[in-house]
Amino acid sequence: MSFLNQIPLPNVCPVELILGIAILNKLSGLFGILSIFTGHPLDFIQWLLYITSLLMLPYYFLGASNIRNPKILEHSVILIIYSIDTLTSLGFILWFAGEWFINEDVTAEIKPGEDYSKSASQNYEYGWIFLMTFVINLSRFYFNFILLSFYIKLIKFNKIQGIDYLKIEGDELNLKNKYFWQRWNYKIQIESYKFLERTL
């Protein structure tokens, strides 16, 4: 099912869902920074995680809001940012897990006379934690392939329609009359597009 210059709807819905999940995930950066008002100290890695989350958020919002009329340049940046986000999220998870095991006392306190027969063992709990973390990260990589597939289909769709997307999007922007951050954002989009054009 297609509408004029729109991408077929069955291809749009998964991307819309992925970007929605990404937006909810990145909003944690805002709440993380607000935690300083509760007196909770933040180390360098936490600051880095929260700030990068906020920097990614506008791109995900832009992609989600324009999903019914997607633009190649916008989605070239989204694809690259989401790929970087997937890898850095894995790095942050490994870092925080290492910090937790090294600095926190993870041994359960055993009180004499208590019945622990119905309690989950520590190994059982850790097993579920690692399994869920693995599944979540595996889904992130799968989402990456969906975004990549959407981007490739978007390029093919525009070529079939005979749309010169670089010229059209450049004309729409009219960069000379735009703010600095808009010109800077457009340059990022162009470089992202060129990078994907070379690597795909």
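The values are calculated or read from the model by the stated rules, or taken from the named source; none is laboratory data. Treat the numbers as computed from the prediction; the structure is a model and nothing was measured. Glycine gets a Cβ as well: all are built from the backbone with ideal geometry, and neighbour counts include every protein chain shown.
Listed here are the residues, each with its yes/no results for (1) closer than 24 Å to Cys13 by Cβ; (2) surrounded by fewer than 10 Cβ atoms within 10 Å (Cβ to Cβ); (3) at pLDDT 75 or above; (4) hydroxyl-bearing (Ser, Thr, Tyr).
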site: Phe130; (1), (2), (3), (4): no, no, yes, no
site: Gly170; (1), (2), (3), (4): no, no, no, no
site: Lys187; (1), (2), (3), (4): no, no, yes, no
site: Arg198; (1), (2), (3), (4): no, yes, yes, no
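Looking across region 55-98, just one residue is among the aliphatic types (A, V, I, L, M), farther than 20 Å from Ser139 by Cβ and surrounded by fewer than 15 Cβ atoms within 10 Å (Cβ to Cβ), and that is Leu55.
The set of residues in region 54-69 being without any contact (Cβ under 8 Å) to a residue 24 or more places away in the chain and over 10 Å from Glu16 (Cα atoms) consists of Leu55, Pro58, Tyr59, Leu62.
Kindly indicate whether Leu148 is in a helix (DSSP H, G or I), at pLDDT 80 or above, of a type outside the set (Asp, Glu) and under 16 Å from Thr86 (Cβ atoms). Yes: the conditions hold for Leu148.
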